[in-house]
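Following: one structure in structure tokens, then a few remarks.
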Amino acid sequence: MIYLDHAATTPVPREVADAMYEVLTNQFGNPSSQYQLGLDMKKQVEGWRKTVADALGCEPKQLYFTACGTEGDNWAIQAACWQNRHVGRHIVTTAVEHSAVLECCKWMEQQGYEVTRIAPDGKGSITAEQVLSAVRSDTALVSVMMVNNELGNVYPIADIAKGLAAKNPKTLLHTDAVQGFLKVPFSAKALGADFITISGHKIGGPKGVGALYIGPRVRNPRPLLAGGGQEGGLRSGTEATAQIAGFAKAVELRTEDLADKLAHMAELKAYAVERLTAIPDLTVISDGTAPHILAVSLAGWPSQNIVNDLSAQGLCISAGSACHQGKPSHVVAALKLPKKTAGGVIRISFGPETTKADIDACADALKNHHDNRMPML
Ligand code: PLP
């Protein structure tokens with residue numbers, strides 16, 4: 001199998017699975033238990049929190065483990081709106097956020113909030129000026145993703161944070177960094193966002209674990225789950241110790257020689273652009289600079305047919321976000337591309353283990369698809 005869909009999820013290295021197995025079997029204690037097995041686990045969880053916090057560039061006490069990126073996004077939006085309920089009922093976001101943000105914003109609309117969704121240009125770019133010009137005196141929250149999961153565009157979060165301080169210092173800033181964490185170097189402290197969402201399974205960790213950074217401007221953050229008081233009383237529920245252990249091990253492995261890994265992915269992306277654009281009718285549709293995501297279109301050939309054909313040959317690529325489960329992507333729709341181009345958009349995404357031979361196989365399969373299947377759009 002050739003796996004070129006690392007933006008959907010990533011394989012778990014052996015060391016990560018081993019770290020999880022150890023916690024599931026020998027070190028299975030509940031961190032809240034007061035005997036040694038529990039006390040040891042509590043200490044371990046705090047160690048794993050420090051590992052992830054160090055990689056994110058924040059204090060361990062600012063990092064709360066969650067069940068996934070989706071949970072972090074939902075929590076951040078609700079906590080920001082709660083803190084700023086007296087500032088106003090306006091949210092600024094983009095039309096190309098992950099559904100975890102967009103659906104939560106829709107839900108806020110049902111509760112009386114007004115939501116402004118910034119549209120990208122035809123290449124997926126969004127500027128800080130566009131976002132800031134939508135901010136008003138009653139804007140409670142700005143939520144803009146760090147890296148677009150379908151296009152690979154990197155959005156100017158630090159500039160938005162700086163601009164917000166001048167335009168409306170009360171507005172809180174959330175960034176969904178699920179595709180940015182350990183892909184686009186940044187430090188939570190320097191970034192200036194109040195909430196940062198990350199997820200384990202995009203960086204070689206298991207599915208079912210993520211984390212939310214909550215910065216110092218968020219006073220008395222609104223708890224997500226009330227109960228036994230875990231995660232500083234903000235997100236109760238017995239800690240998912242094995243998932244957290246796996247997340248921290250994945251972070252540890254990914255951060256080893258991270259610059260080399262990112263350079264390798266960027267080089268592969270450039271190689272993929274070179275190989276794929278040699279195929280007739282194939283164009284790059286985004287100028288996104290994230291090293292691991294490349295969006296192209298085989299204009300005229302429906303993307304789901306391409307995915308199915310390549311899948312039959314053991315090649316995994318995506319027709320846009322895996323979260324859309326075959327439905328047309330709102331991200332591609334927001335680019336307002338010609339129908340033929342929009343219908344043929346596919347996403348190829350890389351990890352540190354991806355090789356040039358994988359790209360060659362993908363390019364050959366796409367060329368075959370182009371040459372041997374009739375265009376249908
Ligand atoms: N945000 C972005 C940008 C994503 O790409 C994803 C997953 O595809 C998520 C949020 C959701 O993360 P999770 O699958 O951990 O809920």
Across the range 176-208, which residue is farthest from Glu256 (Cα to Cα) among those that are within 12 Å of the ligand (Cβ to nearest atom) and in contact with a Cys (Cβ under 7 Å, 6 or more places away or on another chain)? Gly208
Can you say whether Phe186 is assigned by TED's automatic domain parsing to the domain that holds Glu59, touching a Gly at 6+ places or on another chain (Cβ under 8 Å) and of a type in the set (Phe, Trp, Tyr), as far as the supplied structure shows? yes
Look at Thr94 and say whether it is over 23 Å from Thr127 (Cβ atoms), buried (at least 19 other Cβ atoms within 10 Å of the Cβ) and assigned by TED's automatic domain parsing to the domain that holds Leu151. no
Please go through the range 64-91 and pick out each residue that is within 16 Å of the ligand (Cβ to nearest atom) and either surrounded by fewer than 24 Cβ atoms within 10 Å (Cβ to Cβ) or of a type in the set (Asp, Glu) (or both). Tyr64, Ala67, Cys68, Thr70, Glu71, Asp73, Asn74, Gln78
For the range 256-270, the count of residues that are surrounded by fewer than 18 Cβ atoms within 10 Å (Cβ to Cβ) and under 17 Å from His6 (Cα atoms) equals 5
Within the range 243-360, which helices (runs of 4 or more DSSP H) (wholly inside it) include 3 or more residues that are under 22 Å from Ser99 (Cα atoms)? 303-312, 330-334
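Each row is one residue, and each column tells you yes or no for (1) at pLDDT below 95; (2) among the hydroxyl-bearing types (Ser, Thr, Tyr); (3) in contact with a Lys or Arg (Cβ under 6 Å, 6 or more places away or on another chain).
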site	(1), (2), (3)
Leu224	no, no, yes
Leu234	no, no, no
Gly237	no, no, no
Gln243	no, no, no
Glu252	no, no, no
Thr255	no, yes, no
Ala270	no, no, no
Ser311	no, yes, no
Cys316	no, no, no
Among the residues in the range 149-167, are any near the ligand (Cβ under 10 Å from one of its atoms) and within 18 Å of Glu97 (Cα to Cα)? yes
Just for the range 1-16: of the residues that are within 14 Å of the ligand (Cβ to nearest atom) and over 9 Å from Ala250 (Cβ atoms), which one is surrounded by the most Cβ atoms within 10 Å (Cβ to Cβ)? Ala7
Could you grab me the full set of residues in the range 100-114 that are within 13 Å of the ligand (Cβ to nearest atom) and without any contact (Cβ under 8 Å) to a residue 24 or more places away in the chain? Glu103
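The values are calculated or read from the model by the stated rules, or taken from the named source; none is laboratory data. Treat the numbers as computed from the prediction; the structure is a model and nothing was measured. Methodologically, a virtual Cβ is constructed for each residue, glycine included, from the backbone with ideal geometry; neighbour enumeration extends over all protein chains shown.
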